[in-house]
Amino acid sequence: MSVKTESLFGKAYLAFEEKLPFLIDELENRFGVSRSELHFYGNLVYLEKDLPNLPYWCSTVLLKPVLLHFQSIGEAADALKHIQRNWASYQFTLFRRAALIQEKLPYINTKPKTYPFEIPQKPIGCWTLLDEHTALYSAETSSYLPCGNLEFVEDHENPPSRAYLKLQNALVLFNSFFGRMPKAGDVCFDAGACPGGWTWVLLQAGCPVFAVDRAELTPELMTNPAVTFMKHDAFTLKPSELPDFDWIFSDVICYPERLLEWIKMWLAQNSEVDMICTIKMQGETDWNLIEKFAQLPDSKVVHLSYNKHELTWMHCGKK
Ligand SMILES: C[S@@+](CC[C@H](N)C(=O)[O-])C[C@H]1O[C@@H](n2cnc3c(N)ncnc32)[C@H](O)[C@@H]1O
């Protein structure tokens, strides 16, 4: 047996699909890392030093990276199996060899999920081949999803827009962080609701929805008795003019500054409300501003698999 391991300093960050430029921007401009410090393995970025926080634009982080030197496929698989059961494979080269190693590891389900889906709270490692005889792995990662990916089986018939996937993704993560989802009867405010993907998801959960947009929802939603629609600027409506809400959502396209003020207004009125809002990134990212979202009490900022050039802010209201 000629297997050798070598623990590395720092961490390796796996960028979301097609989001590597955003991760690099975050490492450089949020954390002040210089480009020359980064080592690229496809979408996986290794940095020899630790950062004060985990970046948003990565689907998972290899928290304790180790180099594995091996001769044969069997040796590599045995070495990983010996450490733990669950391993997800991220590959950027030598795909056939990597597939043969992964086939020898216990099965993990990487198929698209049907919503609602509960993320299993079981550790899952991540590994990649660097060359024929070297793998980079970490048994500990920052996500319980394989490579941090969440993909849903899509409904091409019923939802009025693909934006429904973003809310489903957000709710699955909200549930894994805070342990709840909207339940039947919860009163929801959907700001920037047109054409109605988010409203549709909430209706499926049995929630009455108060939807606000400058444009109307699809006709089916406009005539749904569980939907109250208001054609209005969502940001000029005062909490006192509206019903009490269990959940507040915003997918409004606006400057993050404006969203932050709006969120603070709602939290000042009712800190017990659960909230999920899309932060639309406009031009260069103002990292100090994003930090202000993250610093709000009982909040989290994440990037979702179904986010575009966006981050999602979540607030857990009820204790
Ligand atoms: C990305 S779309 C929302 C998609 C929606 N979540 C869905 O699932 O179908 C953004 C929406 O924000 C609306 N919007 C932009 N500014 C607004 C404002 N100040 N008040 C209300 N809606 C606004 C736009 O009209 C647009 O329909």
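All of the numbers you see were taken from the coordinates with simple rules; none came from a lab. Just so we're clear, the structure is a prediction, and the values are computed from it rather than from any experiment. All Cβ positions, even for glycine, are placed from backbone atoms using ideal geometry, and neighbour counts span all protein chains on display.
Data overview
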| item | result |
| --- | --- |
| Karplus-derived HN-Hα couplings along segment 310-317 (A = 6.51, B = -1.76, C = 1.60, θ = phi - 60°), whole Hz, x at Gly and Pro | 8, 10, 10, 9, 10, 10, 9, x |
| Environment charge at D190 (Cβ cut-off 10 Å; Lys +1, Arg +1, Asp -1, Glu -1) | -2 |
| Spin-label model distance (nm) - F92 vs K238, 7 Å beyond Cα toward Cβ | 5.4 |
| Whole-Å distance, taken between Cα centres, linking segment 1-43 and segment 218-248 | 43 |
| Simple spin-label estimate for Q282 and K300 in nanometres, 7 Å along Cα-Cβ | 2.8 |
| Geometric extent, Cα atoms of segment 4-148 - Rg, Dmax (angstrom) | 15.0, 43 |
| Prolate/oblate/rounded call for segment 164-315, Cα gyration tensor, a/c under 1.5 rounded | rounded |
| Order of E157, E241 under a 10 Å beta carbon neighbour criterion, fewest first | E157, E241 |
| Amide H contacts of L130 (H built 1.01 Å from N, under 5 Å, at least 5 apart or other chain) | A135, L136 |
| Residue (of N29, L44, F235) at the positive-pole extreme of the chain, dipole from beta-carbon charges | L44 |
| Calculated FRET efficiency for the pair N53/R214, C-beta based, R₀ 30 Å, to 0.05 | 0.25 |
| Cα-based equivalent ellipsoid of segment 262-311: semi-axis lengths in Å, sorted from largest, via gyration tensor | 21, 13, 10 |
| Evaluated over the chain, the Cα radius of gyration and Dmax, each in Å | 21.6, 72 |
| Placed amide H near Y41: partners under 5 Å, 5+ positions off or other chain | Y46 |
| Centroid-to-centroid separation of segment 201-216 and segment 288-319 [C-alpha atoms, Å] | 21 |
